[in-house]
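Before any comments, here is the structure.
The values are calculated or read from the model by the stated rules, or taken from the named source; none is laboratory data. All values derive from a computational prediction rather than experimental measurement. Glycine gets a Cβ as well: all are built from the backbone with ideal geometry, and neighbour counts include every protein chain shown. To get the accessible areas, we keep the full protein, side chains included, count just its heavy atoms, and leave off ligands, DNA and RNA. Shrake-Rupley method; radii C 1.70, N 1.55, O 1.52, S 1.80 Å.
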Amino acid sequence: MRIVCIKLPKHSDAQSIAEIFYRATPQIRLRHNEAIFLEVSKCQHLYSESTFIKRAQITLKRIGITAELSVADDISTALSLATFPVMNKDALPVDALIYYADPLAQYPEQHGRILKAIHLLKSLGIRTIADFLTIPSYDISPRFGPIVLLAYQRLLGQHEIPWNEFRPREVVEESHEFDLAYPPRDLEPVYFTLRPLLDRIYLRLRGRGQRVRQFNIILQQEYATRKSPQTYKVPIIIQLPFVSVKTIFQIAKEKLDAVVQRKPLEHPIIKISLVVTEEAPYLTSQRDLFDQKKEETSESFFHLVSRLATKLGSDGAFFAHVKENYLPERTWFRVPEKSITTIQESHIPERPLRLLKEPRPVPIQDNYLFHNRMQYEIKEWKNPEVLLSNWWEISGGERVYYKLVTHTGDNFWVFKNKEQYYLHGIFE
Amino acid sequence: MALQIVKPSIAELRELIGATKHDDRPRHSFSLYPAGFTTGSFIEITGSQRTEFTALFLREHPKLKIAWVEDSITINPYALKQKGVCLDNILFVEGKKDTVWCLSQVLSSGCFQAVITENSRFNEKDLRRFQLLSEKAQNHFFLLSASPSASWVPHLQLKVSKTAGEWDVQALRKRGAL
């Protein structure tokens with residue numbers, strides 16, 4: 001078993017950082033917000049230990065965290081090596097016993113006893129772990145107590161710590177509180193904070209094999225006023241996959257600018273939060289090194305679609321997925337991403353290129369059709385077709401469709417239902 | 001024998017003074033309009049069969065990346081499929097009240113080789129902007145109108161109709177080197 005310990009600086013959120021590494025290994029344990037332990041022996045076919053450490057360091061640097069990393073055969077040793085500046089287990093100072101006795105900081109009430117024992121050991125001239133291991137095991141419990149015996153046994157490779165299931169948080173959220181002494185009054189400082197927050201969100205979701213599809217940016221003002229609420233909630237939609245954080249940031253910036261321009265901020269901002277509201281599977285693809293232009297075009301395409309979706313809503317920019325159905329309003333539906341169309345050959349009679357969202361009642365009198373304040377003389381009633389639709393709909397029941405050929409060359413698709421004619425499409 | 005005065009055409013006069021503009025921009029051929037459509041051109045299509053005419057152009061060029069922008073989507077993708085159009089490369093955009101913004105974004109993105117829209121009462125300024133953007137991005141901009149617009153902006157104005165399966169394509173106006 002090989003354990004990587006990431007010793008975090010103070011006030012870090014260990015759970016959210018651990019989620020980033022969930023991609024590498026599901027065996028993760030935490031020592032509160034102080035350290036993360038990753039069991040990496042199963043991923044050694046992908047990365048060597050040194051590669052893993054370098055990758056982890058780059059990832060941590062990306063989210064602005066400087067951490068101490070170490071590798072060892074067990075949790076306690078990994079933590080001790082990350083804490084004390086020594087190269088091997090035997091050279092560790094005797095103070096490391098606290099990490100052997102309680103590596104996950106689950107029993108803080110025992111810490112007093114361990115510290116007392118360490119003090120006693122030091123007074124006896126025992127400075128390192130190597131010195132400590134020279135004491136016979138039968139002397140440990142009567143002289144220093146059972147907790148030190150436990151640490152002794154762990155040093156000898158006994159009493160392994162079980163790997164409980166690591167569960168990522170259900171809601172992916174990142175926030176930053178601004179210094180209350182100098183809270184920002186405009187968006188410029190907010191953007192400097194937004195980028196690392198987006199990086200963290202991206203990496204956390206990537207760890208679960210997912211990507212962000214929709215998220216809210218919540219800006220909290222210092223006070224609420226009668227005119228405006230305390231919080232600004234700006235939804236961002238990322239319609240397509242493979243969008244880089246840079247692109248997401250640009251989309252978010254544009255949207256925030258537009259919202260604040262329309263409804264200016266009234267008070268300084270004290271907090272910014274990002275809450276993921278919808279996720280989608282992360283699909284990996286190999287970058288085409290030999291066709292940079294193609295890569296750039298794809299990126300700008302995803303950027304464009306996401307900008308359109310953020311402005312118009314998720315239904316605003318879409319691809320069409322067609323399916324075989326006799327009812328014309330059910331022959332296609334909107335999909336956010338390209339889908340493979342299964343229909344090769346249509347067995348349904350010709351449909352009009354223009355189809356109204358709702359059939360519109362049209363008067364037809366004396367062989368004249370009246371539409372948009374114009375009258376069209378009908379030359380021919382063609383292609384009668386009988387369709388049955390749901391009886392509970394307004395135009396439900398039996399519909400008898402006709403293609404009306406007019407003298408002007410305009411062709412309409414109308415149907416008769418309950419003694420009323422409806423215009424449903426135009427063969428344009 | 002009476003003296004006959006032959007009036008030269010504008011093209012001949014231009015050639016005489018060396019002012020002939022040769023357009024070396026790539027063109028997309030089209031069986032219904034043999035001259036084809038030059039990239040970066042603004043084409044207004046009117047007439048009762050304008051959408052079908054456009055669909056047939058798309059059928060002949062299945063690899064083109066298309067953006068179909070409308071205020072409210074009335075185009076029927078199923079019917080496009082029936083006409084043989086490949087839907088995989090068509091992004092539909094329902095612009096609602098932001099159609100002008102959507103068209104500007106789509107045209108300037110450079111991701112599409114053709115952008116199709118319906119005339120939803122664009123003003124002269126909007127049309128000029130679309131024309132410049134399409135020229136810059138080298139894509140076709142198709143404007144489908146019920147009747148020919150009075151605007152000077154389109155490079156090519158076509159009126160299309162179909163009677164008994166026979167297409168009648170008239171070029172109402174040409175501008176520039178098209």
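Quick notes on this one:
- Filter result (surrounded by fewer than 17 Cβ atoms within 10 Å (Cβ to Cβ) and within 11 Å of another protein chain (Cβ to nearest Cβ)) within segment B:133-146: B:ALA146
- From the options A:GLU49, A:GLU34, residue that is of a type in the set (Asp, Glu), modelled with pLDDT under 90 and either out of contact with any Ser or Thr (no Cβ under 7 Å at 6 or more places or on another chain) or outside the structural domain of A:ALA151 (by TED's automatic domain parsing) (or both): A:GLU49
- Some residue of segment B:82-97 being surrounded by 19 or more Cβ atoms within 10 Å (Cβ to Cβ), within 22 Å of B:GLU52 (Cβ to Cβ) and in contact (Cβ under 8 Å) with a residue 60 or more places away in the chain: no
- Within the set A:TRP392, A:TRP381, A:TRP413, the sole residue that is open to solvent by 30 Å² or more (accessible area, probe 1.4 Å) and either within 21 Å of B:LYS83 (Cβ to Cβ) or assigned to a loop (DSSP other than H, G, I, E, B) (or both) turns out to be A:TRP392.
- Selection of segment A:177-195 for residues being in a loop (DSSP other than H, G, I, E, B) and surrounded by fewer than 16 Cβ atoms within 10 Å (Cβ to Cβ) yields A:ASP179, A:LEU180, A:ALA181, A:TYR182, A:ARG185, A:ASP186.
- Considering A:ALA82, A:ALA96, the condition of being small (Gly, Ala, Ser), open to solvent by less than 30 Å² (accessible area, probe 1.4 Å) and over 21 Å from A:GLY145 (Cα atoms) is satisfied by A:ALA82 alone.
- Segments classed as strands (runs of 3 or more DSSP E), wholly inside segment B:41-132, with at least 3 members that are away from every other protein chain (no Cβ under 11 Å): B:42-46, B:114-118
- With respect to (1) open to solvent by less than 20 Å² (accessible area, probe 1.4 Å); (2) within 18 Å of A:GLU428 (Cβ to Cβ); (3) not in a loop (DSSP other than H, G, I, E, B), the lone exception for A:PRO352 is condition (3).
- Members of segment A:395-409 found to be open to solvent by 40 Å² or more (accessible area, probe 1.4 Å) and within 14 Å of chain B (Cβ to nearest Cβ), listed by number: A:HIS407, A:THR408
- Single match in A:GLU160, A:GLU174 (criterion: surrounded by fewer than 13 Cβ atoms within 10 Å (Cβ to Cβ) and either touching a helix residue (DSSP H, G or I) at 6+ places or on another chain (Cβ under 9 Å) or assigned to a loop (DSSP other than H, G, I, E, B) (or both)): A:GLU160
- Across segment B:133-178, the number of residues qualifying as touching a helix residue (DSSP H, G or I) at 6+ places or on another chain (Cβ under 6 Å) and assigned to a loop (DSSP other than H, G, I, E, B) comes to 2.
- All of (1) in contact with an Asp or Glu (Cβ under 8 Å, 6 or more places away or on another chain); (2) more than 16 Å from B:ALA79 (Cα to Cα) hold for A:ASN390 with one exception: (1).
- Which numbered condition A:ILE129 misses (of (1) of a type in the set (Val, Ile, Thr); (2) in contact (Cβ under 8 Å) with a residue 40 or more places away in the chain; (3) loosely packed, with under 13 Cβ neighbours inside 10 Å): (3)
- From the list A:PHE333, A:PHE301, A:PHE318, the one residue that fits, being outside the structural domain of A:LYS233 (by TED's automatic domain parsing) and closer than 30 Å to A:ASP257 by Cβ, is A:PHE318.
- The lone exception for A:SER300 - which of (1) open to solvent by less than 60 Å² (accessible area, probe 1.4 Å); (2) closer than 30 Å to A:SER175 by Cα; (3) within 10 Å of chain B (Cβ to nearest Cβ); (4) at pLDDT 85 or above it fails: (4)
- Segment A:137-157, subset assigned to a loop (DSSP other than H, G, I, E, B) and in contact (Cβ under 8 Å) with a residue 24 or more places away in the chain, residue farthest from A:LEU256 (Cα to Cα): A:GLY145
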